[in-house]
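Report on the structure given below.
The values are calculated or read from the model by the stated rules, or taken from the named source; none is laboratory data. Bear in mind that the values here come from a model prediction, so they are computed numbers and not experimental data. FYI the Cβ positions are ideal-geometry reconstructions off the backbone, even for glycines, and counts take in every protein chain you see. Surface areas here come from the heavy atoms of the whole protein model, side chains and all, with no ligands, DNA or RNA. Shrake-Rupley method; radii C 1.70, N 1.55, O 1.52, S 1.80 Å.
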Amino acid sequence: MGIALTRYAAALAALFARTTGGWKFGLDTTRALLHSLGDPHERFPSFHIGGTNGKGSTTHTLDALLRAEGMRVGRYTSPHLVDFRERIVVNGAPIPEDAVVDWIARWTPEIERTGATFFEATTCLAFDWFARSALDVAVIEVGLGGRLDATNLITPMVAAVTSIGLEHTEYLGNTLESIAREKSGIFKAGVAAVISDRAPAVRAQMAALARAAGASTVCVVDDERPVSDVLVGPHGTSFTMHEPRATRWLTTPLLGDFQASNTAVALTMLEQAGGAYAAASQAADTNLAAVRVPGRFERRGQYLFDVAHNPDSARVLADLIGRVRPPRPIRALFAVLDDKDWRSMMAHLAPRVDEFVLTIAPSAPAERRWSLDEAVAAAHASGWPSRAEPDFARALDMATSDAATTLVTGSFHTVGDAMARLQIDPLAE
């Protein structure tokens with residue numbers, strides 16, 4: 001067992017060494033590496049999901065609905081919380097450690113020859129594993145952007161963009177229009193396009209880009225399958241979805257008004273794919289109950305995990321806490337990356353939290369760690385009860401002691417590190 005873990009850790013170390021701190025856009029490197037592998041991405045049907053917010057929920061909803069209909073489904077997402085293998089999953093089971101080790105050992109020379117980055121190599125590993133796993137279908141989440149993302153070499157049955165927001169402006173541009181243009185780059189000739197965004201102007205721009213790309217059909221969810229009567233409660237989100245020939249009352253276990261729209265996107269994608277996929281959409285009344293997304297307002301005992309890592313997601317988290325009303329006192333284990341607007345995040349959460357325990361996530365890159373001294377000073381100046389503890393394990397104990405609810409939030413690193421220490425498997429169903 002120790003030898004196997006050492007081999008796996010060494011293989012991951014070699015792969016993570018290809019994380020250079022930046023993001024390399026372009027498809028040529030991924031295309032070359034996939035060609036060396038025998039073009040595995042051409043050997044399974046797929047759905048492709050991009051967007052600023054909602055793509056993860058939509059991906060997991062598709063996965064659950066397709067599996068409930070007896071299909072063998074591959075799911076590719078990022079980032080992971082505890083274990084790298086969470087990114088590459090077939091029917092709920094992560095890729096085996098030995099498969100990761102063997103693939104990296106075999107293909108490292110080609111990875112080095114092509115100069116593939118961590119994400120490019122990981123995407124190729126995922127596609128190769130899916131091709132060898134006798135899938136019925138794969139659900140592929142875009143990593144960053146869309147047009148030049150490594151995942152964009154697939155030709156899916158349906159491509160969707162869930163929403164647009166200002167993110168990664170150094171790569172995607174600093175306007176919603178430029179970001180929409182990059183994310184709409186996953187629309188392709190002959191492929192159905194599904195679009196969902198609250199802003200009519202953004203929806204119209206993306207629809208025009210999809211048509212210009214030659215999409216076989218362009219479906220704007222808010223026009224063709226709008227949702228209404230959204231009710232968020234402790235156990236899920238219920239809503240009315242208005243279809244062209246029927247009206248359906250649906251409930252997803254995922255919490256938040258926006259989850260109604262994300263669910264509508266997933267169902268629209270299934271309808272656009274037709275056949276057995278459309279049947280999976282029609283069975284959603286029952287099968288939505290199987291949907292879950294690790295680390296998104298996820299409750300495990302007294303712990304409430306949420307990967308909110310920007311002001312918008314912190315505002316949504318605060319709203320959900322107000323609606324669901326978890327037991328108090330609520331102590332928040334809070335650790336963010338220094339380039340995030342943590343002051344605004346804390347301002348949103350402060351009315352819902354009895355005390356912040358500020359700390360540093362061990363897995364956070366050293367160059368992106370925030371200043372606890374600055375954070376606790378800002379909290380005290382704003383009148384937010386806070387303590388700072390740089391040792392993550394002690395901070396977790398502090399946030400747990402005498403708390404009815406321990407909220408763990410601020411970043412994927414924070415949630416993942418806490419789950420690892422608490423020995424919580426994000427994939428456990």
Has segment 274-286 got any residue that is surrounded by 15 or more Cβ atoms within 10 Å (Cβ to Cβ) and closer than 22 Å to Thr52 by Cβ? no
Answer yes or no: is there a residue in segment 100-108 that is closer than 30 Å to Gln423 by Cβ, part of a helix (DSSP H, G or I) and in contact with a strand residue (DSSP E or B) (Cβ under 9 Å, 6 or more places away or on another chain). yes
For segment 133-170, what are the residues that are surrounded by fewer than 23 Cβ atoms within 10 Å (Cβ to Cβ), modelled with pLDDT of 95 or more and more than 24 Å from Ala280 (Cα to Cα)? Leu153
Residues located in segment 54-91, provided they are touching a helix residue (DSSP H, G or I) at 6+ places or on another chain (Cβ under 8 Å) and farther than 25 Å from Ala278 by Cα: Ser78, Pro79, His80, Leu81, Val82, Phe84, Arg85, Arg87
Of the residues in segment 22-31, those that are modelled with pLDDT under 90 and out of contact with any Lys or Arg (no Cβ under 9 Å at 6 or more places or on another chain) come to Gly22, Trp23, Lys24, Gly26
Tell me which residues, restricted to segment 349-389, are open to solvent by 30 Å² or more (accessible area, probe 1.4 Å) and of a type in the set (A, V, I, L, M, F, W, C). Ile360, Ala366, Ala377, Ala381, Trp384, Ala388
Among (1) closer than 24 Å to Gln423 by Cβ; (2) open to solvent by less than 20 Å² (accessible area, probe 1.4 Å), the one test that Pro96 misses: (2)
Considering each of Thr122, Thr52, Thr61 in turn, give the residue that is in contact with a Lys or Arg (Cβ under 7 Å, 6 or more places away or on another chain) and either modelled with pLDDT of 95 or more or more than 21 Å from Ala289 (Cα to Cα) (or both). Thr122
Quick test of your reading of the structure: Phe392 fulfils all but one of (1) under 23 Å from Ala318 (Cβ atoms); (2) open to solvent by less than 50 Å² (accessible area, probe 1.4 Å). Name the failing condition by number. (1)
Can you tell which of Ala138, Ala116 is touching a helix residue (DSSP H, G or I) at 6+ places or on another chain (Cβ under 6 Å), of a type in the set (A, V, I, L, M) and part of a loop (DSSP other than H, G, I, E, B)? Ala116
Residue check, Asp339 against (1) over 18 Å from Thr52 (Cα atoms); (2) open to solvent by 60 Å² or more (accessible area, probe 1.4 Å), all met but one. Which one? (1)
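Where in segment 236-347 are the helices (runs of 4 or more DSSP H), entirely inside, with at least 1 residues that are without any contact (Cβ under 8 Å) to a residue 40 or more places away in the chain and among the aliphatic types (A, V, I, L, M)? Quick ask: steps written out before the conclusion?
On the way: elements: 257-273, 275-282, 284-287, 311-324.
Here the list reads 257-273, 275-282, 311-324.
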